[in-house]
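Structure, as structure tokens:
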Amino acid sequence: MENAFLQDWGITLMVFVPLVGAVIMMLLPSEQEENHKTIALGTSLITAAIGFWLVIDFYNLGSETWSDLHYVVDRNWIDIVNARYLVGIDGISAPLIALTLLVVPLVIIYSWNHIPEPGNAKAFLILILVLHTGMLGSFVAQDLVLFFVFFEVVLLPMYFMIGVWGGENRLYAAIKFFLFTLFGSALMLVSFLALYWVTGSTTFSMEGLAQEVASRDIGSQTQWLIFGGMFMGFGIKVPMFPFHTWLPDAHTQAPTQGSVILAAVLLKLGTYGFVRIALPILPDAAIDWAPIIGGLAVAGIIYGALGCLAQTDMKRLIAFSSVAHMGYVMLGIATMTDFGINAAIFGMVAHGLITGMLFFIAGSVKERYHTLEIKRLGGLLVQAPHLGWILGFCVMASLGLPGLAGFWGEFPAILAAYEPAAGINQTLFRVYMVIAAIGTVLAAAYLLWLLQRTAFGTPSEEFEDDPHIHDVVLTEWIAWIPLLILIVLFGFVPGIIFNLTDPAVSAFLPGGTP
Amino acid sequence: MTTFLPLLATESPVAVPGIFEIVWIVPAIMAASFVAILLFSKRLSIPAHWIGIPAIMASFLFALAIAGNWIAYVGDVADSHDSGGEALAFVDGDPELAAASADDEHGKSIGVSCLTDDANHADDGHSDEESLAPAALGFVEEGEAPHVSPCPVVTQVTWFENGGSAASGGSDIQVGTMVDGQSVMLLVVVTFISMLVHIFSTDYVAGDRRYTHYFAFLSLFTASMLFFVLSSSTLQMIVGWELVGVCSFALIGHWWEDKPNSDAALKAFLTNRVGDIGLLIGMIILYFAAGRTFDIRAINEAAVTGAISQNTLMVAALCLLAAVMSKSGQFILHTWLPDAMAGPTPVSALIHAATMVVAGVYLIGRLYPVFYVGFDIEGSTINPLALVGGITCVGGGMLAFVQRDIKKVLAYSTVSQLGYMVLALGVGAYTAGMFHLFTHAIFKACLFLGAGSVSHACHHSFDMKADMGGLKQYMPKTFWTFVIASGALAGIPPLAGFWSKDEILVGAGVWPGTGGNGTYYLPFLFGMLTAAMTAAYMTRVIWLTFFGRYRGHAHPHESGNRITVPLIILAVGAVFAGFLNVPKVLPVLGSRIGLWFEEMVEPAGIATFPVIDHGKPSFSLAIVATLLALGAATLVYVYYKRLYAKDAMATDYTDSFVAKNRFIRAGHTLLVEKYYLDHLYTGTIAGSTKGWMAQAAYWFNQNVLDGFIDRVGSGTTATGRFIYKYIDQGAIDGAVNGSGLGASQSGEILRKVQSGRVRQYASLMFGAATVLAAVFIIAV
Amino acid sequence: MFLNQFLFLAAILFCIGVYGVLTRKNGVLVLMSIELILNAVNINLVAFGSFNQDIAGQVFALFIIAVAAAEVGVGLAIVLLIYRNRRSIDVSEADLLQG
């Protein structure tokens, strides 16, 4: 049984504690930087404590019940549109919630001595906390309107983060990010409303809508269109080829913390939306869309990899690699099989950990060398051996080395593509499978190339005696070690996530395993 | 359709030694050693080898214990079968059985199933030991002694579940260990060679700037390799396969300050990744074909019993062949292996000669039924496996002739010998292939370590022509061990290589009276040619290195004990290892220990392995092959002897026909340029991928996709500007401005009312209120 | 009948208040007059409240009392400031609002 306190208050507390922290910080003058940092960290740790208590309690409920929603809170919210405050956790959201809970405190720790220009820790940390609420809210919301609100709450802090603390071209990147996402969410909202009217539903709850769709005879054309709207909304967030162009700019310009949160959690909102909303509510349309999604996914894999090979900037390269990696996630989703979707969720977590780490490293390299141009770097292993080895480790993880987390997002997705769900063109998906497998070679190529150019060799004359270049410092260690450990742990014990997601995934798939 | 012959003995099966269930400890020790070295070695300033060497010794002892138990176990199972055999009877009346045996075209039976009912054990999720000693063989071909091997002993736990647990209709993905002849054999080889390399390294890499990392990666490599070797599922094999790859990457690039080294490391990794496409896809095909399982036994049984169609198996086998080609350096994906010599020499010995590169061969052996059935090895005359192996052993051997670098010669020799093993498996000579793997590991490790010892004496140079020559007198121990190992490699009786090579040639089934699984003329030809070439290029190496006059500028000296003792141990192995599998027909030894290795390693009478024919050994073949090798060696010896007589310092005839004849010169250039494969890969394929393809994709991104977005953005802005300028400012604002003008004029009038006196305002307000009240009263 | 008396009272008070606001020059007296106006309104509210059996009237009255207190505070402060600046509290002389 769920713990009674958690049942009533757990989720709500977890979601809104960061907001409380943000309000407290607003009341303090911005000169007290240390206080702000302490409060921000404390808030995120309290959130994490509540959240992990929830997740662990959830874990203890036993695998038979992981497919159901737990800790459900269902209250009136906006009666006039039948929107309800309906939240809950199941096996699909639990890993992502845990990921968010982990990443945000680490980002705040990293901020301790890495507040980007132009400073102002107060505003920066408040934005992170608001983001925190938005992200957690999106993962627990079980009502479409609520989900939409949280989904949009995330947008604004990120916009400011890029626009204020970003690089040289920050305004362009911030506006591009904002408009792209807003465009997608507008279509998504239209889809939600269409779903509501077409089904004649009296609720926006995801479960309710899924039942409505299943019980009513809705034209496949209509379903296809509605799914299309969601596809645009979530696909842009993922981002899927060819809607990805906001991503490299946003990542390159964003401050390190912004990039990490963007890569680790924000992108997952898109794929999570597919798994949580689009697929369960419109399974038939998903089957119709599968070849398109799969095609764009593998196009993204190859395209992202080629894009990486053309990069001269380390951070931009990592950003492009996200396009490729999210391609595997989307391929897994497109197969509509348990194996594929489990892999997709695993891929989300793994990508969050690994790419988050890579962005951390890029930020630290930038801090030391004041440049990320691959040509000018080199010999990182000589000047900052630990940093170099960590980069090497993350590169290996990112290219999907078995035994590290990245592999379990890629290989099962490729495997699932061999035999997608009934109703999906098998031959086509086998072609996708081969293309995706070729993508693993390209991934190795660009990542190792990056490693060779930055870490191997000897330092260029420019930086040879630069006193700024030092090895990993304490805050970096504290922020990174949990991520590094988890990358190895998930690599060797993939069951931690697979077993968690599997019941929930099997439950919503049409007819289970084909 | 299963065609098992379910004849079970009535008496209790032989107990499985408990030690087989804890064999996971062996890789675990090495993994722990890796972690310990990384964490503690520098911090507590413990020399890394103080952690690494005890760990590898413990592993080796454990491996020996496993091997001892396995040997006893094989004997027990065979005995139990012998005694239980009479109790068995054919169930004549059983129609299914009769149909099963009738189906079998070749009149061979399929042995006892090694699969127990997994579902019974799956839900407990813990160590469900599935070991069943097979008690019987269906029926035995007449005239052949009944030989029944034990089933692989598998111990596994659930790694993760998919689609619910197996009990609820999903599948459990298992991870565990599989102990059988093949894995025990490699377990011993890996730990043995690794141990010697560890010892050798304490001297050889002493004082290296990354001594600690070196030993850490040696440990990690050994752990990964053992993990791979002991895999019980194909998924686990993929994991181990790639982990050894990454250790190889790290160790090739050990001196990463120099770009050629890191280039070589990258090349090795990327080439292997190319092959891994095949590995992934092949394993995926087998997973689905065998009914959603990664279990090696299940896949093998499905292949043997015909549960998987031959076409599917062929496609899977072709995919896996790509993986084998990359990992085991087969043509055309071999190019990384010679470059991998950029790593420290002991690493070359351990990883790029003795153990990791045989992973491909091991993979074929592990999934032998897939290849055997898929390529229809039985009774054919050529198949992809034999062809690839054949081309590799000749192509690699030829390249060995033109190298200046002693390690490169050995590398190409490794390529060539790996081709030999693949060829052996391709012609159906399973045991011969495995035996060659075994012997080759020993003598090739000896050769590499010998080369290391030589270079240790010559200022770390590997250039035979510039820095060596005449070393025989300076370093006799190295010389003699090198010569013995070379003899073993060249197949000079009675050294180890002779026995294994002979079996492969027998297995090709071409020589009169040898029998075998088919008649592989072309592979046989390649095999004979390679036998001659091997002897020739090894003679060249020995001459250039040890004979003649010293050409370098160092002061060569014999290496220390930590280097020579491993060499001597390996040389002793190179002499005696071959006797483990002498033919039964050999006088004296044959009747006592004949085919002992085969009995221990090759599964027989169980359904996870196809029934294969063994060729009959032929004295004439052995003599011819030996004469060929000796002849080639003599030829080369005479060639250099005459050169020496002419000019003591020369290494080439300046006026030889190589220098004169246009065609031969072209051939020589072709070899020096390594068949231009590197140009193709690095220049054409990698270059264009990284070059115009990547640039085109990025151009597309920036100018087409992003251009579109930017155009939409700027278009919107332009529209906005238009609307602002003409509609907003012109029309709407015009109206507004007009009204504003009117307002300001009326304001002029009303201005006077604004006196600023509060009381005046108040009276106005009250007045207005009164008026309003009056209006209300009147109107309402 | 019952209601009328209160409305009359309120109307008278209101008129007194308006008269005071319009005629008095002394700022303090102006404020007191405003207070009278507000109290007139209060009477109205309470009266209508009890007439319609609705508690809201009294609630609003309480509100107004509170607001009035605040208003007087602010008003007195303004008067004080005007006095300090001009040494006079004659409101007819203050025409700053003319701008």
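D for the protein assembly as shown, whole µm²/s, Stokes-Einstein with Kirkwood Rh over alpha-carbon pairs at 25 °C and 0.890 mPa s: what number? Write out the running numbers ahead of the final one.
Numbers: Rh = 36.2 Å.
After rounding, the answer is 68 µm²/s.
Can you give the helix-only mean residue ellipticity at 222 nm for the protein assembly as shown, where every DSSP H stretch with n ≥ 4 adds -39500 (n - 2.57) and the sum goes over all residues, rounded to the nearest 500 deg cm²/dmol? Working shown, then result.
Values: 55 runs with 902 residues, N = 1393.
One gets -21500 deg cm²/dmol as the mean residue ellipticity at 222 nm.
Which of A:ALA264, A:GLY51, A:MET26 sits closest to the plus end of the dipole of the protein assembly as shown, meaning its Cα is farthest towards the positive end, when Lys and Arg get +1 and Asp and Glu get -1 on the C-beta?
Farthest towards the positive end: A:MET26.
Please enumerate, by chain and number, the lysines with C-alpha under 23 Å from the C-alpha of B:LYS752, excluding those fewer than 8 residues away in the same chain.
Within reach: C:LYS25.
Provide the three semi-axes, in whole Å and in decreasing order, of the ellipsoid equivalent to the range A:4-508 as defined by the square roots of 5 times the Cα gyration tensor eigenvalues.
Details: eigenvalues 238, 149, 81 Å².
Values for the range A:4-508, descending: 35, 27, 20 Å.
Taking the number of other C-beta atoms within 10 Å as the exposure measure, put A:HIS251, A:HIS132 in order starting with the fewest.
Details: A:HIS251 27, A:HIS132 33.
In increasing order of surrounding Cβ atoms, one gets A:HIS251, A:HIS132.
How would you rank B:GLU599, A:GLU117, going from fewest to most other Cβ atoms within 10 Å of each one's own Cβ? Kindly include the intermediate steps, with their values, before the conclusion.
Working: B:GLU599 19, A:GLU117 10.
So the ranking, lowest neighbour count to highest, is A:GLU117, B:GLU599.
Expressed in nm to one decimal, what extension gain is obtained for the pair A:ALA214 and A:HIS386 from 0.36 nm per residue of sequence separation less their Cα-Cα distance?
Working: separation 172, 0.36 × 172 = 61.92 nm, distance 5.48 nm.
Full-extension gain reported as 56.4 nm.
Give me the extension gain from B:GLU673 to B:PHE288: residue separation times 0.36 nm, minus the current Cα-Cα distance, reported in nm with one decimal.
134.3 nm is the gain from fully extending B:GLU673 to B:PHE288.
Can you tell me the dipole magnitude for the range B:490-601 around its Cα centre, using point charges on the Cβ only (Lys, Arg +1; Asp, Glu -1), in Debye to the nearest 20? Kindly include the intermediate steps, with their values, before the conclusion.
On the way: 7 positive and 5 negative charges, 84 e Å.
Magnitude of the dipole: close to 400 debye.
Under unit Cβ charges (Lys, Arg +1; Asp, Glu -1), what dipole magnitude, rounded to 20 debye, does the range A:4-508 have relative to its Cα centre? Let's see the in-between values first.
Details: 18 positive and 34 negative charges, 119 e Å.
Using only the charged Cβ atoms, the result is roughly 580 debye.
Just to be sure I understand: of the beta bridges DSSP finds with both ends in the protein assembly as shown, what percent are antiparallel, rounded to 5? Could the numbers behind the result be given before it?
Details: 25 of 26 bridges.
The antiparallel fraction comes to roughly 95 percent.
Quick check: the angle from helix B:234-252's long axis to the longest principal axis of chain B, C-alpha only, nearest 10 degrees?
90
As I understand it, the value is the acute angle between the Cα axis of helix B:706-722 and the longest principal axis of the Cα atoms of chain B; what does it come to in degrees, rounded to 10?
Tilt of helix B:706-722: around 10 degrees.
Would you work out which of B:ALA323, B:ALA48, B:PHE288 lies farthest towards the positive end of the dipole of chain B, given +1 charges on the beta-carbon of Lys and Arg and -1 on that of Asp and Glu, about the Cα centre?
So the residue we want is B:ALA48.
If the only charges are +1 at each Lys and Arg Cβ and -1 at each Asp and Glu Cβ, what is the size of the charge dipole of the protein assembly as shown around the Cα centre, to the nearest 20 debye?
Working: 65 positive and 98 negative charges, 1144 e Å.
Here the protein assembly as shown has a charge dipole of around 5500 debye.
Sorted from fewest to most neighbouring beta carbons within 10 Å, what does the list B:ILE749, B:ILE406, B:ILE285 look like? If you can, show how the numbers build up before the last one.
Details: B:ILE749 8, B:ILE406 29, B:ILE285 24.
Exposure proxy ranking, most exposed first: B:ILE749, B:ILE285, B:ILE406.
Which one, C:ALA66, C:ALA11, C:ALA40, has the greatest fluctuation when you compute a Gaussian network model over chain C with C-alpha springs under 10 angstrom?
C:ALA66
Work out from phi, with θ = phi - 60° and the Karplus expression 6.51 cos²θ - 1.76 cosθ + 1.60, the ³J(HN,Hα) of each residue of the range B:493-502, listed in order in whole Hz, and give x for Gly and Pro.
Going residue by residue, I get x, x, 6, 4, x, 4, 5, 6, 5, 4 Hz, with x marking Gly and Pro.
I need the calculated FRET efficiency for the pair A:ASP79 and A:PHE16, taking r as the beta carbon distance and R₀ as 22 Å, to the nearest 0.05.
Numbers: r = 21 Å, r/R0 = 0.96.
The formula returns an efficiency of 0.55 here.
Measuring from label point to label point, each 7 Å out along Cα→Cβ, what is the B:ARG665 to A:SER63 span in nm?
7.2
For B:LYS267, go through the lysines and keep the ones whose alpha-carbon is under 22 Å away, minus same-chain ones fewer than eight residues off.
Within the straight-line cut-off, B:LYS267 pairs with A:LYS375, B:LYS259, B:LYS327, B:LYS407, B:LYS408, B:LYS674, B:LYS690.
Can you give the Kirkwood hydrodynamic radius for chain B, in Å, rounded to one decimal and based on Cα pairs? Spell out each step's value before the answer.
Numbers: mean 1/r = 0.0338 Å⁻¹.
Kirkwood radius, chain B: 29.6 Å.
If you fit an axis through the alpha-carbon atoms of helix B:430-457 and take the longest principal axis of the Cα set of chain B, what angle between them do you get, 0 to 90°, nearest 10?
Roughly 80 degrees between the two axes.
Toward the positive end of the charge dipole of chain B, about the Cα centre and with charges on Cβ (Lys, Arg +1; Asp, Glu -1), which of B:MET185, B:SER80, B:ILE442 goes farthest?
B:ILE442
Given contacts defined as C-alpha pairs under 8 Å and at least six residues apart, what's the relative contact order of chain B, whole-number percent?
Values: 1336 pairs, mean separation 95.1, N = 780.
For chain B, the relative contact order is 12 percent.
From largest to smallest, what semi-axes in whole angstrom does chain C give when each is the square root of 5 times an eigenvalue of its alpha carbon gyration tensor?
Numbers: eigenvalues 205, 45, 14 Å².
Value: 32, 15, 8 Å, ordered largest first.
How much length would be gained if the chain were fully extended between B:ILE727 and B:LEU64, taking 0.36 nm per residue of separation minus their Cα-Cα distance, in nm to one decimal?
Taking 0.36 nm per residue and subtracting the Cα distance, the gain is 229.6 nm.
FYI, it's all coordinate maths here, none of it is from the lab. In this text, all values refer to a predicted model and were calculated from it rather than measured experimentally. All Cβ positions, even for glycine, are placed from backbone atoms using ideal geometry, and neighbour counts span all protein chains on display.
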